[in-house]
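For reference, the structure discussed in these notes is given below.
The values are calculated or read from the model by the stated rules, or taken from the named source; none is laboratory data. On a predicted model such as this, the values are computed, not experimentally measured, just so you know. Cβ placement follows ideal geometry from the backbone for every residue including glycine, while neighbour counts extend to all protein chains displayed.
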Amino acid sequence: MDARGAVGSWAAFFWGEPLELPPELLRAYPMLAQAQWRRGGLPPRVGGWCLGRGTVAGIALGRTVFLAPHCALDPWLLLHEFAHVRQFAEVKAFPFRYLWQSLRHGYRANRFEQDANNFATRILAERSSYL
Ligand SMILES: [Zn+2]
């Protein structure tokens, strides 16, 4: 491996690889194009460690969503993570509030998780009513 390759694989270790969502997914859910998508890297693993698992399926940091290396591109999951991207943009000090919610109420009862679940479920339901 040459020096550039080594730097590249270190970068991939931390930040994963850029991921292009399939065009049919973007046609169905155009809002997903507002986020940057990556696969792998450290963030999904750190998120998993916080929950006592090896990895989480996805984690949003700012406008970027990191997906676990082998997780399927499930529309519900992508919409859920996109909801967190919106929370990052709309809620002041979002990471701290998110942590505070998790500490007080636990991961599942965290209001931001519930909002993201509701968003994903609503968009899927709206879309399936057109089909
Ligand atoms: Zn979530």
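Would you say residue 109 is surrounded by 13 or more Cβ atoms within 10 Å (Cβ to Cβ) and within 15 Å of the ligand (Cβ to nearest atom)?
On the way: surrounded by 13 or more Cβ atoms within 10 Å (Cβ to Cβ): no; within 15 Å of the ligand (Cβ to nearest atom): yes.
So residue 109 does not fit the description; no.
Sort out which residues of segment 1-25 are exposed (fewer than 12 other Cβ atoms within 10 Å of the Cβ) and modelled with pLDDT of 90 or more, and write them in order of number.
14, 18, 20, 22, 23, 24
Of the numbered conditions (1) closer than 16 Å to residue 112 by Cα; (2) out of contact with any strand residue (DSSP E or B) (no Cβ under 7 Å at 6 or more places or on another chain); (3) within 13 Å of the ligand (Cβ to nearest atom); (4) not aromatic (Phe, Trp, Tyr), residue 48 fails exactly one; give the number of that condition.
Only one criterion is unmet by residue 48, namely (1).
Restricting to segment 91-131, give me the number of residues that are farther than 18 Å from residue 59 by Cβ and not hydrophobic (A, V, I, L, M, F, W, C). Steps first, please.
Step one: of segment 91-131, the residues farther than 18 Å from residue 59 by Cβ are 92, 104-105, 109, 118, 121-131.
Now drop any that are not not hydrophobic (A, V, I, L, M, F, W, C), which leaves 92, 104-105, 118, 121-122, 126-130.
Count: 11.
Considering segment 13-30 alone, what residues qualify as being hydroxyl-bearing (Ser, Thr, Tyr) and within 14 Å of the chain's Cα centre (by Cα)? Reasoning before the result, please.
Quick first cut of segment 13-30, residues hydroxyl-bearing (Ser, Thr, Tyr) only: 29.
Matches in segment 13-30: none.
I'm told residue 24 meets every condition in (1) without any contact (Cβ under 8 Å) to a residue 24 or more places away in the chain; (2) in contact with a strand residue (DSSP E or B) (Cβ under 7 Å, 6 or more places away or on another chain) except one. Can you identify the failing condition by its number?
(2)
Working carefully through the options 65, 56, find the one that is at pLDDT below 95 and among the aliphatic types (A, V, I, L, M). Step through it out loud before you land on a result.
Values: 65 fails: at pLDDT below 95.
Result: 56 is the single residue among 65, 56 that is at pLDDT below 95 and among the aliphatic types (A, V, I, L, M).
Mind listing whichever residues of segment 62-86 are farther than 12 Å from residue 32 by Cα and surrounded by 18 or more Cβ atoms within 10 Å (Cβ to Cβ)?
66, 67, 68
Filtering segment 112-131 down to residues that are within 12 Å of the ligand (Cβ to nearest atom) and surrounded by 13 or more Cβ atoms within 10 Å (Cβ to Cβ), which residue is nearest to residue 51 (Cα to Cα)? Spell out the reasoning first.
Here is the first cut: in segment 112-131, the residues within 12 Å of the ligand (Cβ to nearest atom) are 112-120.
Now drop any that are not surrounded by 13 or more Cβ atoms within 10 Å (Cβ to Cβ), which leaves 112-117, 119-120.
On the way: 112: 16, 113: 14, 114: 17, 115: 19, 116: 18, 117: 18, 119: 22, 120: 21 Å.
Among those residues, the one meeting the criterion is 113.
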